Structures are given as C-alpha cells and as structure tokens.
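So the structure is just underneath, and the comments pick up after that.
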Amino acid sequence: MKITSSILLCCGVFLCLVAVPVIARSGTTSGNGPKNPSSSLLEQQRGWYVQAERLADNPKNRSFQKLLTQLDGYPLTPYLQQAYLVQYPFLSNREAIEQFLDDYQDSPLDRPLRKKWLEYLGKKNQADAFMQAYRDVGDAALACKYAEFGLADEKQKYAALAAIGELWVVGDSQPKACDNVFRIWQKAGLRTPEKVWQRLTLAADGGNHTLIPYLKTLLPDSQKYLADLWLQVRRSPSQVSRLSIFPNKFPDYERQIMVYGLNRLVWNDRDLALRSWQKLSSQFNFTDQEQQQIAEKFALALVIINHPQAEQWLERAASQNQDEELLRWHLAHVLRQQDWKHALDVIEFAPANLSQDYVFQYWQARALEEVNAPEQAKQGFELLADQRHYYGFLASGKLAKKTNLNDTPLHYTQSELDSIASLPAAQRALEFRRLERPVSARREWMFLQSQLNEQQLKIAAVVADQHGWHDQAIFTFSKAGYLDDLSRRFPMAFDETLKTSAQKQNIDPAWAFAIVRRESSFMPDASSGAGAMGLMQVLPSTARYLVKQKFTTSTLYDPKTNVELGTQYMRYLLDKMDNNPILATASYNAGWRRVRNWLPEKTSMPMDLWVETIPYKETRNYVKAVLAYQQIYREQLGDNDNQFTALAKMRIAPKG
C-alpha cells in the first residue's frame, strides 16, 4: 500500500490529514497490499475504525486525526478518506478526488464519490473536469449532463446526439435534468415518428404505461389510434380477439400489438388465444419472425398444461428454431405421454450440441429400456453413471452401482494463498466480514473477482473457505469453473445445528444440508425478492404459522433459529406429502398445494418421469439439484449407499 500525506482544502480551510492511505489500483493482481499487522493490533484498529466513521464528517476533529494515525495500514482506511471526500467534493479538493478515483476505479469505493463529484461539477458547469471524470454510474441525469457538455464540442456533437436518442428511447420517464438536451435533440429533427413508436412500444410492453397518453400526442394524427390500441391490449389482452379494432392502416405496427396481446393472452386463456390467432392470421400477413415468436410462446404455454394442441405447436416452433428450452419441453411432453419411440425421434433430431447433454443421454437410455432394447439402454446408462450429476446419479441407480463423486481437491501453495489474501480488495472484503457487514464485504469480493484470472479465482475460493465464508467460496469456484473440490463446494457448515435439528424433526440430515446448499449456499443473511430469509430461505409468514405466536422477522437471520424453523417446515411438508421426500422437496420450492395439483391423474408415474414433467422450470431444476446435493451430503456424512437405486424404482402415486 502506498501511503501519502494528503492536504485537502475544504471550505477555504486547509485540513492536514495525517497519513491518509491511497491504495493504487486496489484489488489488482499485484502483491503490493497493505501491511499485515498483528491480530491484536487489527482487533484494536477495528474498534478505532468504527469510532473514526462516526467522526468522518468533521475531519478537523482532533480525535479523528488521532484515529487516522492509529489506522495507518488498516485495510478499510480508504473508506474514511472516501467519506470526507464525498462530503467535500469541491474544486479545491480536485487533485485528491481525481487521484482517489484513479486509484480505486471500478471498485466499491469509486461510485459514491464519482457520483457526488460529477453532480458538483455539473452544477458548477465545469465541463472539462466533468468530461474527464465521467463514467456511467447508472444516473440518467448525469448521462444527460455528459451529453449536454458533449454537444458543445464539435468533435463530440454527433456522438452526443446519438447518446441523447438512446436516453430518450426508454420505457420510463426521464428526469427533468434531461429536458434541455431532449429539446436540442428534437430541434435537430431526430425525434422522428419511428423513435416515438419505439418508445411507445417500450412503455407499453413492460415499461411505464402512464407514458402512453403523452407519447400519443407526439405521433402523427394518422397514427394516434395506435396508442389507444396499445392501452386497450395492455389492459386486457383479450381485446386482441376483436378483429374490428385493427383497421389495418399501419399493419406493421398493428401486428406488433397483436403479437404482444396474443403472447399474453395464451397464458390466461389458451383456447381464446388459439381462436384469435386463427382469425388474425387469416386477415394479416405476419412475418416469418412474428409467426415464429407466436409459435414459441404458444408451444410453451400449451405444453405446460398438456393441451391437446401442444404437440402441433411444438413441432411448428421446432421447425424454425432449435431452441434448447423448447426441445426440453418437447421431450418432456412426449415423455408425459410415455410415447417412447417418439421420444427417441425427438432426441435423434436434436442438434449435436444438445443431444450430448446429460438430459438427452439419460432419456435416450430410458426410452431404449422401455422399447425393449436393454443392452443399448445399459450402454447409455454406463456412459452417464460416472458423472457427478442428477442424471449421472439416476443412471448409477438404474445400474444399482455406487456413485462416483469425482472429488479432486484443489492443489495450491501457501505463497499462492498469501498473494491473494494480501491483495487490498481481499483484505477490505475480509475486514468488512469481521465487522459483520456482509453486503460491503460481498461488494469488495465481487470487485476482487473481476481483477483475477482463472487460477487466481480458484485460490481466492480457498481463501474464502478458510475464513468460513462458504457462500463466496462456492460462488468463486463456480466463477472459476472448478467444480471438483467437493469439501469446499459442499461444506459441512453449521453442521451441529443442522444435524441436531434434523434429528429432532426425524428427517435425513443430508436432505437438510442439501436444502440449505440450494437455498442460500450457506449465506446466513440471504434474502429473496419474495421475502424469504436466511440459510433455509424461510418466509416470515411460514415462520409465524409454525411458531403459532408473535415472531420477530429479523430473527430469521439467526442461523440456529432459521434452521430450526426450516427443518420443522420440512417435517410439515413430509407429513403433507405422505412421507414422500421428492414431493416434499418440490413443495419446499413451489408450495404443497401446487405440487398436489401436479400429481398424476389416474395411474402412478415413475419418479424420474414425474420430475421431468414438473410444469415450473424453477421447481424442476430445484428438485434435481436438491436430490443430487443430498447424495453428495449423504456420502460426506459417511453413508455411501446410493439413494438413487431406490429412487430409480420409485413411482409417484396419483391424486387421492
């Protein structure tokens, strides 16, 4: 780490800051990291750092100055420098700010200061400094200011106008700070009806539909009805069935609205969508691209509910596009019908890159088994059985042989570990972790990963694992593409808590470990968009139901509490699903009521076939992953029996 004495001029007063650390290109692969003070000194410095944070808004404070001296060499000191530079982003501090931004470019230290600095320079009309400092920080107002300054330079004028066009053609409102450049762009004759249509389409299809009335006023009079059509169909996709509302005056634009409406309608009312398409396609000349888009959406919507016309639309979609998701659904559809010969045809005509995928290899062997070609089926299973994968485990189960985990721990030297651990970004990440600030720690770790090559990423994963940072060890190994270090990719984290809770609920501890691995990768503070929290991603509503009393939501971030509730919920689902772990696993992801609706109608179905035809892709992949992880954890826990031997023979009972 390079230590310099920074002298900042804030509000006209010189503030001498003692030994302010400036780390050059923090997080690069160079080994010039900060000093490595003793653990006792580091412990003291953590306390001093927390104190200094509270005083950073007043850098003249003597206590703050003293703390800075004591924090010489501490990895997080740059955040103190950032804090007061953010508070005093003045021209008098330009040299210090530009040096800081240069040293920490693209790191988590960059954006907060850069955004504040750009806002200040924009207000002060400092064009040169603004243009020099500008980077996209995800702020439309600053992007517009950059374009405004660019317009004043003849060399950048055309690029600026193009950038303004990109800023205008979006599906949401833009800040008032953009109004001036938008007026200039308009006066240049660049706000054409085509641009208005593009923005109208974005606003209607997934954007802010309240923009549509405004955009209508910008269309030529002859096209204003199109905005009304967009609103009608957006509000109610069934309107697309009314042929009379499409006058065919601007057929290219009208067809876009029809395609949008049909693609939404087919998920709500399949039969109405099919009838509407039949009428519309007889009156309008849809392009090949539009027809293909319709075919793909219809095929997926119909196959999920096993609609009688599903096969027809799957064939139609596949004739023009060998899309992987469509092919998987086509295969699942014929498997659901247990049409094994057709399944072989689907696999045979799949592109070579897909036919070699484990799913196609497994189902080819299964289909051969069903059409009385046992030797060929056995050969197919043998090819797969050594793979550490859901389908590899299924194949080994079919052959009643042991699984092959292909466990190859990563080899490394201490010097390799030290070189990564000494990088400034790594030290900042680990310090934030010690301070129990997981979000800041992850930001720094993500930045660190962006600076490393493949081999260094592997070493970084080991560093994370050695610090008990299991989620980042897992993610970093994945980013590096190294998947064979099983003890680190499938850690026995929180083992006593998980084992004790699993035993209490009378469930397989390997199953509990597998659920945690899939749900959060052992990240205690994990949270989802749906509100699930903690290691086992327990919903607060589920927790309240289980405890039958008032419940403080934040306690779900406590590993012990979370695991106790998560395993209790697993037991609850097992009871709901007649002790079937496959159905309980699917229920953990999708809810038990929904899973019950997916059960076979009349006769039982082989387990592998049922999993393959789960309507929700997320749940389908979830079940496969948990089953594979459970096998790995069973062996980690000392049970070398292959659970897939029994699973290969399991059948899912029909609805009761």
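So here's what we get for this one:
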quantity: Rounded if a/c under 1.5, otherwise prolate or oblate - segment 414-483, Cα gyration tensor axes; calculated: prolate
quantity: Three-way shape label, the chain, alpha-carbon gyration tensor, a/c 1.5; calculated: oblate
quantity: Burial ordering of 136, 205, fewest other beta-carbon atoms within 10 Å first; calculated: 136, 205
quantity: Residue order, fewest to most beta carbons within 10 Å, for 339, 172; calculated: 172, 339
quantity: FRET efficiency, 1/(1 + (r/R0)^6) with R0 30 Å, evaluated for residue 268 and residue 602 via beta carbons; calculated: 0.65
quantity: q = 0.09 Å⁻¹, segment 252-396: log10 I(q)/I(0) [Debye, one scatterer per Cα]; calculated: -0.35
quantity: Restricting segment 110-152 to trypsin sites (Lys or Arg not before Pro) in coil, as DSSP defines it, with at most 15 other Cβ within 10 Å; calculated: 124, 135
quantity: Cross-link pairs 402/504; 402/576; 602/649 - those with Cα-Cα distance over 24 Å; calculated: 402/504; 402/576
quantity: Stretchable slack from residue 250 to residue 222, in nm (0.36 nm times residue separation minus alpha-carbon distance); calculated: 9.2 nm
quantity: Additional length obtainable on full extension of the chain from residue 357 to residue 467, 0.36 nm per residue less Cα span; calculated: 36.0 nm
quantity: Computed FRET value (nearest 0.05) for residue 282 with residue 236, which takes r as the C-beta separation and R₀ as 22 Å; calculated: 0.45
quantity: Hydrodynamic radius of segment 514-575 per Kirkwood, over alpha carbon pairs, in Å; calculated: 11.3
quantity: Extension reserve of the residue 174-residue 500 stretch, reckoned as 0.36 nm per residue once the Cα distance is removed; calculated: 111.9 nm
quantity: Stretch in the chain that is longest and holds no GluC sites (Glu not before Pro) that DSSP places in a loop and that have at most 14 other beta carbons within 10 Å; calculated: 155-435
quantity: Helical contribution to [θ] at 222 nm, DSSP H n ≥ 4, -39,500 (n - 2.57), averaged over the chain, rounded to 500; calculated: -18500 deg cm²/dmol
quantity: 13 Å reach of a label modelled at residue 209, 7 Å along Cα-to-Cβ, counting backbone N of segment 256-271; calculated: 261, 264-265
quantity: Nonlocal amide H pairs with residue 538, under 5 Å, H built at 1.01 Å; calculated: 533
quantity: FRET efficiency estimate (nearest 0.05) - Cβ-Cβ, residue 401 to residue 483, R0 22 angstrom; calculated: 0.50
quantity: Qualifying trypsin sites (Lys or Arg not before Pro) for segment 197-301 [loop in DSSP, other Cβ within 10 Å: at most 16]; calculated: 242, 249
quantity: Loop-resident sites, segment 290-363, for chymotrypsin sites (Phe, Trp or Tyr not before Pro), counting at most 14 other Cβ within 10 Å (DSSP); calculated: 349
quantity: Tensor-based shape of segment 226-338 (alpha-carbon gyration tensor, a/c under 1.5 rounded, otherwise prolate or oblate); calculated: prolate
quantity: Taking 567, 413, 555 and counting other C-beta atoms within 10 Å, the order from fewest to most; calculated: 413, 555, 567
quantity: Relative contact order %, the chain, counting alpha carbon pairs below 8 Å whose residues are six or more apart; calculated: 9
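Each value in this text was obtained by applying a stated rule to the coordinates, not by laboratory testing. Only a predicted model underlies this, so the values are computations on that prediction, with no experimental measurement involved. Cβ coordinates were reconstructed from backbone atoms using ideal geometry, including for glycine residues, and neighbour counts include every protein chain displayed.
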